[in-house]
Amino acid sequence: MRTHAPSPPPPGRRLRHWLAAAVALLGLHGAAPATPASTPAAVAAVATAPLMVPAPASAAGDLVRVADGRLLAPDIARIVERGELVVAMLGSDMPPFFEERDGQLVGLEVDMANDLARELKVARVRFDRSAKTFNEVVDVVARHEADLGISKLSRTLARAQVIRFSEPYLRLNHALVLNRVAFARLALDRPLTSVVRDFNGSLGVIGKSSFADYATRNFTRAKLQPYPSWDEVVAAVRKGEVVGAYRDEFEIKRLLRADPTASLTLRTVTLKDLEDTLGIAVNMQDPVLLAFVNQFLEQRPAKLDIDKVLQAVSSH
């Protein structure tokens, strides 16, 4: 008996089978079944059909609906649902950035924190001032005991390993304040720039501060002497216990403004090629909050510079 192979389907049916297979492969569930439309139109329909790919998940997770109806990222919703922004700030005053006056905490950075809370639509700011050092402020944020750290914080590489920093809101040059007599002995008629570049005298810094870190990198030949506070560093320079002290230009200039006679025994040097940038500390797990803070700083009209900070000192 002779057998006959089944005849192939006609071209139109082959096209419909191919389109159905393509639809199934691309996962176009719910698409209309192929029709005997003309070949170009049918192919175009498959080529332009949108892929039903799930939207990528947010880095901060799913959005959260808060009491006022807003959908917010979890790190923002946490603050809004709590009803307050918690800010870590050094326990000792640093005017004009922050200080307690007549029972109220005031200052440039206090204003910044209040403005951030206003933009987040929360009623108040709670300042956590348990930190005794700048590094402890960073630690409070790293432990998630505060939402932000706003405390004249220098953006250092060591701190950036445990928290995230915002973009800088203030840039300050590094500076030295020198005991005139002690520095003259060290210099021995050499040019100032040469002595500073190869500084090998004693240099006072605040212990466990950003400038203690900077000093190990920028003054490798200096004999570093840490002190618990800036007042003690300055006192050591005045008495000649150390040749000089190392900090940002604001603190050095404020020192001379507070005591005009200080220039008789002290001299200052501003290091134009070294910059200290101040930023807001944010926990590593709060990416949307960090983006929000950066956007806030970018759009803030009252941007800070050294002149505005010094003017704020004069107005108090």
Of all residues in the range 211-227 being in a helix (DSSP H, G or I) and of a type in the set (Ser, Thr, Tyr), the one that is farthest from Asp248 (Cα to Cα): Thr216
For Leu186: the one exception among (1) out of contact with any Lys or Arg (no Cβ under 9 Å at 6 or more places or on another chain); (2) closer than 30 Å to Val138 by Cα; (3) without any contact (Cβ under 8 Å) to a residue 60 or more places away in the chain: (2)
Hits in the range 156-187 - residues which are crowded, with 19+ Cβ neighbours inside 10 Å and within 15 Å of Ile280 (Cβ to Cβ): Thr156, Arg159, Ile163, Arg164, Phe165, Ser166, Tyr169, Leu170
Residue that is surrounded by the fewest Cβ atoms within 10 Å (Cβ to Cβ) [pool: residues in the range 256-273 that are of a type in the set (Ser, Thr, Tyr) and within 18 Å of Val242 (Cβ to Cβ)]: Thr265
Subset tally (residues that are assigned to a loop (DSSP other than H, G, I, E, B) and out of contact with any helix residue (DSSP H, G or I) (no Cβ under 7 Å at 6 or more places or on another chain)) for the range 137-151: 3
All positions within the range 272-316 that are of a type in the set (S, T, N, Q), outside any loop (DSSP other than H, G, I, E, B) and under 11 Å from the mean Cα position of the chain (by Cα): Thr277, Asn294
Residue match in the range 83-96 (condition: assigned to a helix (DSSP H, G or I), among the acidic types (Asp, Glu) and farther than 20 Å from Thr277 by Cβ): no
Residue in the range 237-245 that is over 21 Å from Leu310 (Cα atoms) and either exposed (fewer than 14 other Cβ atoms within 10 Å of the Cβ) or in contact with a Lys or Arg (Cβ under 7 Å, 6 or more places away or on another chain) (or both) present: yes
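Listed here are the residues, each with its yes/no results for (1) touching a strand residue (DSSP E or B) at 6+ places or on another chain (Cβ under 6 Å); (2) more than 27 Å from Arg197 (Cα to Cα).
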| position | (1), (2) |
| --- | --- |
| Asp213 | no, no |
| Ala222 | yes, no |
| Gly279 | yes, yes |
| Glu298 | no, yes |
| Pro301 | no, yes |
| Asp305 | no, no |
| Gln311 | no, yes |
Residue that is farthest from Ala235 (Cα to Cα) [pool: residues in the range 161-184 that are assigned to a strand (DSSP E or B) and polar (S, T, N, Q)]: Asn173
Residue list for the range 260-294, restricted to those being closer than 23 Å to Gly201 by Cβ and of a type outside the set (A, V, I, L, M, F, W, C): Ser263, Thr265, Arg267, Thr268, Thr270, Lys272, Asp273, Asp276
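We did not get these values from a lab; they are worked out from the coordinates using the rules stated. What you see is a predicted model; the values in this text were computed from it and never measured. Using ideal geometry, Cβ is built from the backbone for each residue, glycine included, and neighbour counts are taken over all protein chains shown.
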